[in-house]
Each structure stands twice: as C-alpha cells, then as structure tokens.
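All remarks here apply to the structure that follows.
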Amino acid sequence: MGGRSGQKAVAPACRFPEARRPGGNAGGALLGPCQTSGVADLELILASGSPRRRELLRRVGVHPRVEPAAVDETPLSSESAGDYVERLAQAKAMAALSPTRVVLAADTTVALDGVILGKPADRDEARAMLRSLAARSHQVLTGIAVAVVGTDGDAVVHSALDVTEVVVGEITEERLAWYIDSGDADDKAGAYGLQGAAGLFADRIEGSANGVIGLSLALVDRLFAAHGLDLLDFRSPAPIDPVETIAARALRHVTRPPGRDEPVVQWAGPADLAADFARTIGLEITDDEPPAKPGDLVDAANLVVRRSVQTNHPYFLNQNYAGADPLAVVGDWLGAALNTTNATFEVAPVFTMIERALLAKMARLVGFPESGDHPAGLMCAGASLAQLHALQLARHRLQPDLVTAGSDGRRLRILVSDSGHYAAEKIAAVMGLGRASVVSVPTDAAGVMDVDALDECLSDEPEVLAVIATAGTTVTAAFDPIDAIADRCEEHGIWLHVDAAYGGAALLSPMERHRLSGIERADSVVWNLHKMAGLTQQCTALLVREPERLLTTFATGADYLFQPDKANADLDAGDRSLQCGRRVDALKAWLTWKSRGDVGMAARIDHAVALADHARRRVAERDDVAFIVAGDFTNVCLTWVPPGLRPFDLTSLDDAQHAALHTVAPAAKAAMQEEGSALIGYQPVHGINCFRLIFMNPAVTLDDVEILLELITRHSEAAWRSSISSEPLREPTPLA
C-alpha cells in the first residue's frame, strides 16, 4: 500500500454475555484467536456516517448497516495526529460493538507540520485552513479499526493507520472564495475533500487516494484478515430503499419519456390489473394488512408505471392536458416534500410570496388593475372549484348580506353557451339554485356563443346571476366573443365570468392573445395552467378584478388560526377561500415560468397552434378524412370518410350510413387503445362521433401529424368494414 501504515491489536477490553444469534450476512468462518460460530452469524456495522466510506464499500459489493458512533473527539495533550485518529477509530468501533457484530470504524484528519487540522468551525476558519495548505505538502491520516467479539466474550480490536502525503498548489483568492462559497469545505477535516471540487487544488498525492477520501479498502481487507475474516464474505445484494428507488424511477420517466416505438398504454381491464398486482402487493388493502417488503413495493411501483397511460407520449391526444414539463413535475415533488399548506404566511412564507407573484403576473396578462395589498386571486384545486368561488362572489355582490342572512329566496339564472363546461350545472346544484337555473345559450357551428341568442336570454326572467363566457371550449376550442358579452353584462349590471380554463393559455402568446379580446372587462377569470401551459395536475388560478371581495365573501376570521397580531398576518391566504389548507401549486408554475421565460411560455402555445394548422392543411388535401369542425386554434374535429361517401357531406347521409359511421370512431379508438399505438379522443359533434386531435405536447412534430392521420384512417377503415359486414373486427395491417 502506498504511504505509511501500521497495524496493531488491542487487548481484550471487556467481556460480553452470551450473544444472541440472529441471521446475518452469508459468508465463511472466523479463524484464529477470535474464533466464533461463523460469518453467517455476524452483521457488519459501519460506525461512521460518512457517505464516502459507504460508497467505497459499495464498490466491492459490501453494504453494511450504518450506525455512526458518537465519541469525544477532543485530542489528548501532546497526542500525535496519527495516534489521535487511530484512537478515535478504536473508540468508535468499541462504542458500536456487541455480540454477533463486526464493527468497522474510521476517523480522518489533516495534519500540517504535525498540527491537527480538524473540521472548520465556520467558513472563516475554513478559509484560513486552505490558505495555510496552499503551495506546500501536508498529511492526510486515517485511522481504521475493526472490532469483533469472540466466542469467549472478549472484544478484540485490530487497528491501523493510513498516511498519505498531499501536495497542494497555489490557490488564488478568487478560487478560494468560489470553493468556500460552494459549501464543500464545511464538514471536512482540513476544510477540503479530494472527491469534490477541491480535487482541482491537489498537484500530487503520494499514498492511498481512497485513504484521502476516507477509507483505504486494502487496509480494511488486512484488518479483516487479522481477525480471520474475509471482507468479501460480507458482500450482499444492495439493500433496497423504496423511497430512493421509486423516486429514481419517477425521475427517469420524466426525463426519458416514452418514445414513439413504445406503447401509449398497455391496456388491461380491471380483472387483468388485479391479477397483475396480485403478483406484487395486491390492489386491495386487506384487514390486518402486513407491511410489504421493500422489493415488492418497488415492483408494484414499476407495475404502476407500466400499466398507466403515458400522458407524455407524443401520441397521447385524448385529453386537454399532455406532455407535462419535467421542471413542473419536479417542482410539484418539491412542494409535496416540504409538505405545507398555503393557508398562512407563518407556515408557508416562501410559497405565500410565490403565489402572490404568480397571480399578479397572470392578472397583468388578463389586464386586471393592480390589486394593491390583496393577492390578485387564489390557486384552486381545479377549474370547477374556482368557478364555484367566482359564482359565489357574484351572488354576494348581488346580495351583500348573503353570508350572514342566507339566500333572500329570489330565483336566479346562470347563462352559459351550449358548448360550455358541464361544471356550471353542478355548481348551480351545490349553490341551491338547481340545475334548471343554468340556461344554455345557442352557439354557431363552431361552438361560439351566439350574441343575438344571448340578448334573447337576457330579456327573459328570472334575474341573471352571471354570464359565463368560454375561452376555449372543451371539444372545438371555440372562443366566445368576450367584448360583446361584456357590453351586455355592463348594460344589465351582471357579473361576467370567463371560463378560460383551456384557452387562457392564448394570453401567453402575442400572436394568439387576440382571441380573448375584452377579457380585461371580466369580473373573474379561471385559468388552468395544467392544460396548454404544460404544468402538472392541478394548477388552477382564479383571478378576480376586485380581489378584496374574496375576504368579504369567504372570511370567518377563525381565531385559532388567523390571528391578526401574528407577524405578517395580513398575508394569510387561507381565509379567502372555501378551503383552508391548499397545496402549494404555485411553486411548480413559478419554477417553470422562470425557466422558460415569457418567450418559452409563448413558444409552447405557438407550436401547438402550428401543429393544428398543419393538420388542417393535411385534412383539407385528403379525401379519406373530413372536417366536422376544422377550428382555428389547437383542436381539429374530423371523421374518416368511407370510399362510397367521398366527397363527404354530413347532411347527405341517410340513417343507415349515419348510424354506421357513428360507430367508427369508438371502434377505431378501442383498436388503437388495445394496440397501444395512440390514444385519441372522440366526441359527438353535430350528431356524429368524430375524432378530436388536440395539440399541446411540445414533443409532437409535423411528421407525427401524418402518423396520427394514418392511424385514424387505418383503424377506421377496419372498423367500417366490420360494421357493414357484421363480421368481427379484423386486425389492421401494421404501419410500414
């Protein structure tokens, strides 16, 4: 071994009662004066918390139990550096020793001219240490001890000293400041570790590089041999940490999403899923459920990934979300790891300020005035809950004593287009207005609200609580004329709510924000960042023109939580909503926005519209597919056209043709789902089931559009042949 080392045995220091004999690592037998029953009865303990020592042992397949030993590390008077580290290693080994154990301990220090340099007390001391080491040589000394208990109950410690000479070059003040600021010097003897950035400073090493890092494996092997043991007999499979393993699997899924040659889904029904999971830990949580083994938990997590729909796959076009930004996913994890709520500033000081900053940015894009001391709205658990808040704000404005006196009994209506989201009916039911209070305003063929029809609705009774304008309908991505609707709402004194859950993302793009002209005149806006903007579920903002209304409508001032004499109590957000505890959804959005910048946020939207425009051009050029609604934003609604119906005219179909064609999209989708080649949604539009191509995943390319159209035509043709022949659906020919 390079460098200097010594080895010595310590006389028996104590006796132990007869050891218990639990199972341990497999291996050979003890030899010599420390004879015991065998390695199978011994457990290897590393009496050090150093991750570097643990990693060195892992390199030879040894995975000890880690139990750091706490001993007094004060040097004795006139004690040499070598004696010091060897004594500490022995003391740590003995502190962790008990029958059926082999204890490995080590201690490292740095000595300059015989003076021990321990761990720096602060960064000023670290800076002084490194200056003293620059442009000269010093010693790195590691004491290593291995302790066992023999069959006679005597404890024996064999120890040795590893000494390595390290020559450090010149260190400029600039580099010194950089290294100190990195924090790498904070917890290391001599204020550096060669395994890190300080490797830049070492000109030459004479001795054991592993010894400098913290553990000479060659010397450890000799000490085991001195006990009649073989270090390699303590090899074992790496222990499974389900937290680290599952987290690594999730990160790999995010950073290396499924490729085009991989399935979007490995489809399985309920019975198949139950059978799959029965081979791991089972789906059901049984009575007296036992704790699962770590390996089984990992297997189950891997199965969850394999059997789940891969929503970040380029051919997942089934919903109005896809391709979550990897940084958004990690930001979501970070918020969960910190495990707090956005209720009060005292438990979420950073997140309170981040949420305020995010809401302020979004409100500026909407065009709302500055909100002063109030946050511009609040983050909600989805657009439906946000819309419930908005309509309750509208009701409170209409009846200011609502929260104390309750409803005054007047009948109210909510007007929303017949292409608007179904949540309006559910909310009306929850508010006690009844589903019948929701009036569907007719739309044009593309799904855009007819303003003349709105005028007729406004002239009817009973009183209108609110008009909901939709910016980006679910199926056709239509945008209601917000400016014209705002004119009517101002004229009648009606609350205008804009459901921009999907289409609010157009505000991010200078080329697309014209679609929401007039949104600045709304009283409230809902905007889902987990849709086109690519955040993870959920990330919903409710933006309010007069956000102080959130307090007057929802606050109760619970004195156990919202105490006005607390520090920064005016920043507490929990009393502004129906919920008290809320997830920190703003963090992932803030990180993603900071990462992309405004230009990157706009680019995602522009890319999606460009893909849809390309799809529209390709559909227009073909005769085997036809528009049901072409759209002009991100959605394209189309059908495959049987040869006998080309050129296609939906209105010319007879009942039998209509019924047959109506079944094609569901059957073709089911075939793609079973095959795993794509997941594309279908919806009834103008009375016929049609495919909805919805573009938002930035990984999708123009070539992918061609592949998706070919998948639709191939599987639709097979479904059509089956429907007209009443034969079982034949397997389509694979794509070339």
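The values are calculated or read from the model by the stated rules, or taken from the named source; none is laboratory data. Every value quoted in this text rests on a predicted model; they were computed, and no experiment measured them. Here the Cβ is made from the backbone with ideal geometry for all residues, glycine too, and neighbour counts use every protein chain on show.
Arg583 falls short on exactly one of the conditions (1) closer than 16 Å to Asp332 by Cα; (2) free of Cβ contacts under 8 Å to residues at least 40 places away in the same chain; (3) among the basic types (Lys, Arg); (4) in contact with a Gly (Cβ under 9 Å, 6 or more places away or on another chain), and that condition is (2). Tallying residues that are of a type in the set (D, E, K, R) and in contact with a helix residue (DSSP H, G or I) (Cβ under 7 Å, 6 or more places away or on another chain) within segment 400-425 yields 2. When Ala91 is tested against (1) within 19 Å of Lys188 (Cα to Cα); (2) of a type outside the set (Asp, Glu); (3) touching a residue at least 12 places away in the same chain (Cβ under 8 Å); (4) part of a helix (DSSP H, G or I), just one condition goes unmet, and that condition is (1). Taking first residues from segment 448-466 that are under 20 Å from Arg397 (Cβ atoms) and partners that are charged (D, E, K, R) and surrounded by fewer than 17 Cβ atoms within 10 Å (Cβ to Cβ), the Cβ contacts under 6 Å between residues at least 6 apart in sequence or on separate chains come to Pro462/Arg411.
When Thr639 is tested against (1) within 24 Å of Ala324 (Cβ to Cβ); (2) buried (at least 21 other Cβ atoms within 10 Å of the Cβ); (3) of a type outside the set (A, V, I, L, M, F, W, C), only condition (1) is not met. Checking each residue in segment 475-493 for being crowded, with 22+ Cβ neighbours inside 10 Å, of a type outside the set (D, E, K, R) and in contact (Cβ under 8 Å) with a residue 40 or more places away in the chain picks out Thr476, Ala477, Ala478, Phe479, Ile482. Taking segment 570-677 and the helices (runs of 4 or more DSSP H) fully enclosed by it, the elements with 2 or more residues that are at pLDDT 95 or above and of a type in the set (Gly, Ala, Ser) are at 585-621, 664-675. Applying the set (1) in contact with a helix residue (DSSP H, G or I) (Cβ under 8 Å, 6 or more places away or on another chain); (2) crowded, with 19+ Cβ neighbours inside 10 Å; (3) not in a helix (DSSP H, G or I) to Gln563 leaves exactly one unmet item: (2).
Answer yes or no as to whether Gly335 is under 29 Å from His530 (Cα atoms) and either crowded, with 19+ Cβ neighbours inside 10 Å or over 22 Å from the mean Cα position of the chain (by Cα) (or both). Yes, satisfied.
Could you tell me which residue of segment 699-712 is nearest to the chain's Cα centre (by Cα), considering only residues that are crowded, with 17+ Cβ neighbours inside 10 Å and under 16 Å from Arg616 (Cβ atoms)? Looking at residues that are crowded, with 17+ Cβ neighbours inside 10 Å and under 16 Å from Arg616 (Cβ atoms), I get Val700. Against the test of being of a type in the set (Gly, Ala, Ser), more than 39 Å from the chain's Cα centre (by Cα) and under 22 Å from Val148 (Cα atoms), the options Ala93, Ala105 yield a single qualifying residue, Ala93. Scanning segment 449-459 for any residue that is modelled with pLDDT of 95 or more, aliphatic (A, V, I, L, M) and under 19 Å from Arg549 (Cβ atoms) turns up nothing. When each of Leu76, Leu44, Leu104, Leu57 is tested for being in contact with a Phe, Trp or Tyr (Cβ under 7 Å, 6 or more places away or on another chain) and either under 24 Å from Glu165 (Cα atoms) or in a strand (DSSP E or B) (or both), the lone residue that passes is Leu44. Restricting the search to segment 235-264, which residues are surrounded by 14 or more Cβ atoms within 10 Å (Cβ to Cβ), touching a residue at least 60 places away in the same chain (Cβ under 8 Å) and in contact with a helix residue (DSSP H, G or I) (Cβ under 7 Å, 6 or more places away or on another chain)? Within segment 235-264, Val254 is the sole residue that qualifies. Within segment 590-644, being among the acidic types (Asp, Glu) and farther than 28 Å from Ala660 by Cα holds for Asp598, Asp606, Asp613, Asp632. Quick test of your reading of the structure: Arg131 fulfils all but one of (1) out of contact with any strand residue (DSSP E or B) (no Cβ under 7 Å at 6 or more places or on another chain); (2) closer than 30 Å to Leu176 by Cβ; (3) in contact (Cβ under 8 Å) with a residue 12 or more places away in the chain; (4) part of a loop (DSSP other than H, G, I, E, B). Name the failing condition by number. With (1) out of contact with any strand residue (DSSP E or B) (no Cβ under 7 Å at 6 or more places or on another chain); (2) closer than 30 Å to Leu176 by Cβ; (3) in contact (Cβ under 8 Å) with a residue 12 or more places away in the chain; (4) part of a loop (DSSP other than H, G, I, E, B) applied to Arg131, the lone miss is (4). Scan segment 293-320 for residues that are in a loop (DSSP other than H, G, I, E, B) and either touching a residue at least 12 places away in the same chain (Cβ under 8 Å) or closer than 30 Å to Ala608 by Cβ (or both) and the total you get is 11.
Checked against the criterion of being assigned to a loop (DSSP other than H, G, I, E, B) and in contact with a helix residue (DSSP H, G or I) (Cβ under 8 Å, 6 or more places away or on another chain), the candidates Gly228, Gly211 yield just one match: Gly228. Scanning segment 70-88 for residues that are closer than 14 Å to Thr108 by Cβ and small (Gly, Ala, Ser) yields Ala81, Gly82. When each of Gly196, Gly143 is tested for being within 28 Å of Arg65 (Cα to Cα) and in contact (Cβ under 8 Å) with a residue 60 or more places away in the chain, the lone residue that passes is Gly143. Close contacts from segment 500-518, counting a first residue that is assigned to a loop (DSSP other than H, G, I, E, B) and a second that is buried (at least 24 other Cβ atoms within 10 Å of the Cβ) and among the charged types (D, E, K, R), with Cβ to Cβ under 7 Å and a gap of 6+ residues or different chains, come to Ala501/Lys531; Tyr502/Lys531. Taking the criterion of being surrounded by fewer than 18 Cβ atoms within 10 Å (Cβ to Cβ) and out of contact with any Lys or Arg (no Cβ under 6 Å at 6 or more places or on another chain), would at least one residue in segment 627-635 satisfy it? Yes, some residue in segment 627-635 is surrounded by fewer than 18 Cβ atoms within 10 Å (Cβ to Cβ) and out of contact with any Lys or Arg (no Cβ under 6 Å at 6 or more places or on another chain). Glu289 falls short of the stated requirement of being touching a helix residue (DSSP H, G or I) at 6+ places or on another chain (Cβ under 9 Å) and free of Cβ contacts under 8 Å to residues at least 12 places away in the same chain. The condition (being at pLDDT 90 or above, on the phi > 0 side of the Ramachandran plot and not basic (Lys, Arg)) is satisfied by just one residue among Gly143, Gly228, Gly214: Gly228.
Of all residues assigned to segment 367-375, at least one qualifies as being farther than 17 Å from Ser577 by Cβ and either surrounded by 19 or more Cβ atoms within 10 Å (Cβ to Cβ) or outside the structural domain of Arg521 (by TED's automatic domain parsing) (or both).
Quick check: is even one residue across segment 541-554 under 30 Å from Glu710 (Cα atoms) and buried (at least 16 other Cβ atoms within 10 Å of the Cβ)? No, there is no match, as no residue in segment 541-554 is under 30 Å from Glu710 (Cα atoms) and buried (at least 16 other Cβ atoms within 10 Å of the Cβ). Asp181 falls short of the stated requirement of being of a type in the set (Asp, Glu), in a helix (DSSP H, G or I), in contact with a helix residue (DSSP H, G or I) (Cβ under 9 Å, 6 or more places away or on another chain) and at pLDDT 95 or above.
Only helices (runs of 4 or more DSSP H) wholly contained in segment 321-401 count here; list those with 3 or more residues that are more than 30 Å from Val700 (Cα to Cα) and of a type outside the set (Val, Ile, Thr). Passing ranges, in order: 349-366, 383-398.
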